[in-house]
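Q: One structure, pasted below without further comment.
Read the figures in this text as sums done on the coordinates, not as results from a lab. Predicted model only: the values in this text are computed from it and were never measured. When we count neighbours, we look across all protein chains shown, and the Cβ atoms used for this are built from the backbone with ideal geometry, even at glycine.
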Amino acid sequence: MMLLRLPLFLLLTGIVSLSMLIPAGYALAIEEFHDARAFFYSGLVGIVLTALVALALANREHNTSGLRQLLALLAAFIFLPIFLAVPFFEAVRTTTFHSAYFEMVSSLTTTGATLFEPARLSGPEHLWRGQVGWIGGLIIWVSASAILAPMTLGGFEVTASGEPGQMIAQGAARGVRRDPMQRLERSARVLIPVYTGLTLALCIMLLVAGEKPLVALMHAMAVMATSGISPVGGVSGMASGMAGEMVLFCFMFFALSRLTFSTDTTSQASRPGLGYDPEFRLGLVIITIVPVLFFMRHWVASFEVGEEQDLVAGLRSLWGGLFTALSFLSTTGFLSNDWATAQGWSGLSTPGIVLMGLAMVGGGVATTAGGVKLMRVYALYLNGTREIERLIHPHSVGRVGLVSRRIRREGAFIAWVFFMMFALTIALFSMAFGLFGYDFEQAMVLTVAALANTGPLVAFAGEAPISLQSLGTGAQLLMSAGMILGRLELLAIVVMLSPDLWRN
């Protein structure tokens, strides 16, 4: 495609400019004329400017290296929200531009932390938030395959034979062409139809379950992008009830492993397939153990309040824990309607630190989920079990296999380095939030919500919900930086600063 020969940042600008026509058309249909003008004029100006710059740069080479594409991706998350905030700022009219910028950074990075109550925004404005989050998820899908995998970043460094930042990584992206432009074209052609089709399928299922059209579309986009953006404040405002929750639950599994939707970036494992994928299996273990422990804790406590025979409340409590565990593990951040049922059943509250832990672990590599990623956790698990075996049997021989040895040794080492960098980043951001007057708990919740790209944590993880409306300009910019850093990961930023990569 000739369009993919344009600079990546310019290409993304053109895409979001065209996407502004969708909320403009919706606003026109429901006679929200001010919103229609704001989105239409902004989109028109963006399309014209993109076309003019494209014509000026048509005779130049672009997308010639992975480093350029990585820098363009970083620039997109930093500067593209400025353009995205223009129609939102004009449409809302009762907010500041830096608040609109924060909202767009939160949406584009699929974090979903919002400064606005649902009733404050109109339908087109809600649609724009969800649409930006959906586009951000699509960017992650395509860039993971076309940019991060060949450079052994974003979690691929655990299984690939190359080191982080290498332009040619054996085993990280089997079958992917080495030319950066061709990789981008191939990934976009393969993944965009899948991403769009899954979103439409989920939307249709929610409509069949009795959901309102706008809510169904936005929740479908929120689950596929793991953004958690909702026009009704989350699952609690859904008209479809438990049926809608079950549909959302099924589609959240796409955030646990890239093998659920693509084999384009699969490492060369001896037994391929979803059933043998360590990320998917580890995710299943986590979302099984955590709800069961919650259930047992509340079940034991229910004897003290005389509700041990309330079977319905017990089952609803189990479902609430299951749905919420998968939701926060995938970094979507939807809270089940039955999450509170467990507290009413037993009289005990559920510690929000568990939700923070799930969000920090995150989903699979090359998915829209944030967090540390399941593959890195699995690498550390393999290394830990092997070290325990050597303590018991010092002369034992570990499992054979190139991939297993790579994950246990070099992969575990890189995963450990990433964990240390992640921990240091949490400490620095927590101290920075402390300088803005937040106590330790609030600073930690804000930090984890930003770095794990799980905005709903600010409402559910702490002892009391944190009001993002009270954030000052400095705190908003700090949290925006955390969301961008969590989306691209610190390891990618370090690679960008590597002199060896720039020389190559």
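Q: Identify, among Ala492, Leu200, Val354, the residue whose Cα sits farthest towards the positive end of the charge dipole of the chain, taking +1 on the Cβ of Lys and Arg and -1 on the Cβ of Asp and Glu, with the dipole about the Cα centre.
A: Toward the positive end, the furthest listed residue is Ala492.
Q: Thinking of the chain as a set of Cα atoms, what percent of all their pairs are more than 39 Å apart?
A: Percent of Cα pairs beyond 39 Å in the chain: 22.
Q: Using mean Cβ contacts within 10 Å as the protection proxy, how do 446-459, 77-90, 37-50, 377-390 order, highest first?
A: Descending packing order for the listed peptides: 446-459, 77-90, 37-50, 377-390.
Q: In sequence order, what are the phi-derived ³J(HN,Hα) couplings for the stretch 36-53 according to the Karplus relation 6.51 cos²θ - 1.76 cosθ + 1.60 with θ = phi - 60°, rounded to whole Hz, with x for glycine and proline?
A: Per residue, the Karplus-derived 3J(HN,Hα) values read 4, 5, 4, 6, 5, 5, 5, x, 5, 4, x, 5, 5, 5, 4, 5, 5, 5 Hz.
Q: Right, another one. Would you kindly state how much longer the chain becomes between Met421 and Ser236 on full extension, computed as 0.36 nm times their sequence separation minus their alpha carbon distance, in nm to one decimal?
A: 63.0 nm
Q: Hey, what do the phi angles of the stretch 238-243 turn into as Karplus ³J(HN,Hα) couplings, whole Hz, using 6.51/-1.76/1.60 and θ = phi - 60°, x for Gly and Pro?
A: 6, 7, 7, x, 5, 4
Q: On to the next question. Could you give the length gained by full extension between Val312 and Glu31, i.e. 0.36 nm per residue of separation minus their alpha carbon distance, to one decimal place?
A: 96.6 nm
Q: Go through the stretch 198-213 residue by residue and turn each phi into a ³J(HN,Hα) via Karplus (6.51, -1.76, 1.60, θ = phi - 60°); whole Hz please, and just put x for glycine and proline.
A: 5, 5, 5, 4, 5, 4, 5, 5, 5, 5, 5, 6, x, 7, 5, x
Q: Rounded to whole Å and sorted largest first, what semi-axes of the equivalent ellipsoid does the C-alpha gyration tensor of the stretch 2-239 yield via the square root of 5 times each eigenvalue?
A: Ellipsoid semi-axes (Å, largest first): 32, 22, 15.
Q: Tally Lys/Arg at +1 and Asp/Glu at -1 over every other residue whose Cβ is under 14 Å from the Cβ of Gly362; what's the total?
A: +2
Q: Highest first, please rank the peptides 321-327, 334-340, 420-426 by the mean number of other Cβ atoms sitting within 10 Å of their residues.
A: 321-327, 334-340, 420-426
Q: A further question on this structure: If packing is taken as the mean number of other Cβ atoms within 10 Å per residue, what is the order of 351-362, 221-232, highest first?
A: Packing proxy ranking, top to bottom: 221-232, 351-362.
Q: Report P(r) for the stretch 26-133: all Cα-Cα distances, bin width 5 Å, range 0 to the bin holding the largest distance, values in whole percent.
A: Spelled out bin by bin, the stretch 26-133 gives 2, 11, 18, 22, 18, 12, 9, 5, 2, 0 percent.
Q: About the Cα centre of the chain, what is the dipole size in debye to 20, counting +1 per Lys and Arg Cβ and -1 per Asp and Glu Cβ, all else neutral?
A: Value, rounded to 20: 1840 debye.
Q: To the nearest 20 Debye, how big is the dipole of the stretch 2-239 about its Cα centre, given +1 on the beta carbon of each Lys and Arg and -1 on that of each Asp and Glu?
A: Magnitude of the dipole: close to 600 debye.
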